[in-house]
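Okay, structure first, notes after.
The values are calculated or read from the model by the stated rules, or taken from the named source; none is laboratory data. Just so it is clear, the model here is predicted, and its values are computed rather than measured. Methodologically, a virtual Cβ is constructed for each residue, glycine included, from the backbone with ideal geometry; neighbour enumeration extends over all protein chains shown.
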Amino acid sequence: MINRRRFLQLGSLAGAAFLVPPFLRVAALSPKLSGKKIVLLYLSGGNDGLNTVVPYRNDVYYRLRPRLSLTPKELLRLNDEAGLHPALTALRAIYEQGEMCMIHSVGYAHPERSHFQSALTWNRAHVDRNVPTGWLGRVADEYGQQTVCAVGSVQREILQGVRTNGVVLEEDATAFVPGAAKANELCRKLLITAQSIANGAAPSIYYLEQGGYDTHVHQRQSHRQLLTELNEGLNVFATVLKKTDEWKNTLLVVVSEFGRRVAENQFGGTDHGAANNLLIVGGELSSPGFYNPLPDLDRLDNGDLKHTVDFREVYATLLSRWLRMESAPILGKTFGQLAFI
């Protein structure tokens, strides 16, 4: 839970005056592809989706996680089957307002448990390891460099194009937002992103990262801290954009390179898994709530969740339906689209 003092700090931060960074002011003069925005937030290390959206009615979950599982009393209940991690109070409020969609069992065929290889697959949006470009770099190639902006330190592979790369804002957000030094790093990134969108900056896609999700040991403590920081960032992000019409024009998409193993390990954590849930937040969702069923814990693939949704179907939907871009040149082929927007 966010206490009253912390809530007031974050509220004042979200209302702070914002000085648009110089290159974003210039970028705002460029023709926009559309009025829609995507904010892609990558949880680096492999977020434990089962302890983020918890299937608290599933006996297998408790049997395979005798120490790590979260009890129904701890959770922020969403329905009769699942609840959110207790740190995600702001996200639960967004869910209750019909502004969050959860897509379960997202992944790809023949997944790797390597951070490096799996991150490359997600960054390239391609399973061919010989593809030299990232999918956001290909967006920049097709629609112009100012279409894509990364905020803070990120994996540069995703921004690599053939003719150009996405723009990177490396300056500290505290230089532009009074009082931002009081916030955590992710909160500052989301704040500067939201204020950039609110002030009409040009990029159609923003890319951010939060690290630390490789929770092999002492996961209860570390995961709670990570999700607390995520929660604070989402609270500020939504607060800023809900003051403008841009909330309905923006989708924030939370992804990770893989989920964790269903069974806990001997060190109070979880090891590298496969499929995971994917969260989408925004004011104009066609299908808020649970887009598809919770993962089937009775039918695992060598201890991992099976994927039923290819992550590139999500990307194809975002590109085609939201940004009105041609998705096939960016993703390498045509993928089916989903009905969350």
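General remarks:
- Verdict on E74 being out of contact with any Leu (no Cβ under 8 Å at 6 or more places or on another chain) and touching a residue at least 12 places away in the same chain (Cβ under 8 Å): yes
For every residue, the table says whether it meets (1) more than 30 Å from K242 (Cβ to Cβ); (2) part of a helix (DSSP H, G or I); (3) at pLDDT 95 or above.
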site	(1), (2), (3)
A93	no, yes, yes
W122	no, yes, yes
H126	yes, no, no
T133	yes, no, yes
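- Any chance E257 is crowded, with 24+ Cβ neighbours inside 10 Å, within 30 Å of G144 (Cβ to Cβ) and of a type in the set (D, E, K, R): yes
Yes or no, residue by residue, for (1) in contact with a Ser or Thr (Cβ under 9 Å, 6 or more places away or on another chain); (2) surrounded by fewer than 17 Cβ atoms within 10 Å (Cβ to Cβ); (3) at pLDDT below 95:
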site: L227; (1), (2), (3): yes, no, no
site: F237; (1), (2), (3): yes, no, no
site: L241; (1), (2), (3): yes, no, no
site: H272; (1), (2), (3): yes, no, no
site: A275; (1), (2), (3): yes, no, no
site: L279; (1), (2), (3): yes, no, no
site: S287; (1), (2), (3): no, yes, yes
site: P293; (1), (2), (3): yes, yes, no
site: Y315; (1), (2), (3): yes, no, no
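- Sole exception among (1) modelled with pLDDT under 95; (2) surrounded by 23 or more Cβ atoms within 10 Å (Cβ to Cβ) for Q117, by number: (2)
- First in region 82-105 and within 20 Å of R220 (Cα to Cα) and touching a residue at least 60 places away in the same chain (Cβ under 8 Å), second anywhere and among the basic types (K, R) and in a helix (DSSP H, G or I), Cβ under 6 Å, 6 or more apart: A87/R224
- Test: residue in region 32-43 that is among the small types (G, A, S), surrounded by fewer than 21 Cβ atoms within 10 Å (Cβ to Cβ), under 17 Å from the mean Cα position of the chain (by Cα) and farther than 16 Å from N231 by Cα: no
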